[in-house]
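First the structure, in the form of structure tokens, and then the observations on it.
The values are calculated or read from the model by the stated rules, or taken from the named source; none is laboratory data. Since this is a predicted model, take the numbers as computed values, not measurements. For neighbour counting, all protein chains shown are included, and Cβ atoms are generated from backbone atoms with ideal geometry for every residue, glycine included. For accessibility, only protein heavy atoms count, side chains too; no ligands or nucleic acids. Shrake-Rupley method; radii C 1.70, N 1.55, O 1.52, S 1.80 Å.
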Amino acid sequence: MKIDDHTVDISNTDKVFFPESGITKQDLIDYYEDVSALIVPFLKNRPVMIQRFPNGIDEQGFYQKAVSDYFPNWLGHIHVKKKDGEIEHIVCNDKAALIYYVNQGTITFHNWLSTTDNLNNPDQLVIDLDPPEGNFEIVRQGALILNKLLDEMKISSFVQTTGSEGLHVFVPLDGKASYDVVRSVVKSLGNYMCDQEPDVFTTAQRIENRDGKLFFDVHAMAYGQTNVTPYSVRPLPNAPIATPLDWEELKKPELGPDTYHLKNIRMRLAKKENPWKDWRERAISINQLKKKL
């Protein structure tokens, strides 16, 4: 494929990646090509972790952060510090890179919450609402409660299905505070939610201590952690997609974590205006949230 100034070699396009639904590698490439204008802005100028299944989801896949020796130089990379040195971390800054990684068997993209020019300061706050034993109804209700609180605080928030079990709630930040500061504020928010709705929320990390409540997970708010990128396909039967929603959609009880998938997402995108189109313009200082707690 000729994409902008790059040629991306495409191979084994008839390989079935999702056996239950017959979705092939070509289907995956076509999807990511179609949504490249939506997904690339969430990936651009960030370290990216790719989740690869070269032989489809029925065989073992793997996560990859470091650039492989055979990756072409035009893909680029960023040197990222870690405990025992540094890593030449994958980046995905344009459509050509996106399609290259998909041709390598990438099904899901996971991005850092901070950018390559400011790795220590996240520019988005993410709350993972993790349900007990697949109970999506409590996730839906819990997310609406959280949104109502943030609205009352005049804090803009955004929600997406994960394509798996729960929901992710995002608040765009100005990127001026460190991970430690942001995580501290989010922990305070979690404790506040548990105090206000003790029958709904818990911050207990151990599953056996959650008593069937909704886990308010803030552990993604740390250096080096990643979040599933909006519009990413998940390596599950029927190829569900992490789909940005507007809050009104979440009020529909028929909504599920895997409502949108590779075979119906284009219909949604054709009919639905991008619910996150202005999300970066609504970025706040973490102190705005801290002062209201």
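Residues in region 101-119 that are more than 14 Å from Tyr32 (Cα to Cα) and part of a strand (DSSP E or B): His110, Asn111, Trp112.
Take Val181 and tell me if it is in a helix (DSSP H, G or I), touching a residue at least 24 places away in the same chain (Cβ under 8 Å), at negative phi and open to solvent by less than 10 Å² (accessible area, probe 1.4 Å). So Val181 does not fit the description; no. Looking across region 79-100, the residues that are in a strand (DSSP E or B) and farther than 22 Å from Gln60 by Cα come down to His79, Val80, Lys81, Lys82, Gly85, Glu86, Ile87, Glu88, His89, Val91.
Scanning region 13-20 for any residue that is in contact with a Lys or Arg (Cβ under 6 Å, 6 or more places away or on another chain), outside any strand (DSSP E or B), farther than 21 Å from Leu113 by Cα and open to solvent by 40 Å² or more (accessible area, probe 1.4 Å) turns up at least one such residue. All conditions but one from (1) outside any helix (DSSP H, G or I); (2) within 16 Å of Glu249 (Cβ to Cβ) apply to Val171; the one that does not is (2).
A single entry from Phe170, Phe215, Phe158, Phe201 fulfils the requirement of being of a type outside the set (A, V, I, L, M), buried (at least 20 other Cβ atoms within 10 Å of the Cβ) and free of Cβ contacts under 8 Å to residues at least 60 places away in the same chain: Phe201.
Out of everything in region 122-135 that is surrounded by 19 or more Cβ atoms within 10 Å (Cβ to Cβ) and under 18 Å from Lys252 (Cβ atoms), what residue ends up being farthest from the chain's Cα centre (by Cα)? Going through the qualifying residues, I end up with Pro131. The set of residues in region 53-83 that are surrounded by 14 or more Cβ atoms within 10 Å (Cβ to Cβ) and closer than 17 Å to Ala242 by Cβ comprises Phe53, Ile57, Gly61. Within region 84-95, the residues that satisfy the criterion of being open to solvent by less than 40 Å² (accessible area, probe 1.4 Å) and without any contact (Cβ under 8 Å) to a residue 40 or more places away in the chain are Gly85, Ile87. Just one of the listed residues (Asn227, Asn274, Asn238, Asn264) is closer than 19 Å to Phe18 by Cα and touching a residue at least 24 places away in the same chain (Cβ under 8 Å), namely Asn238.
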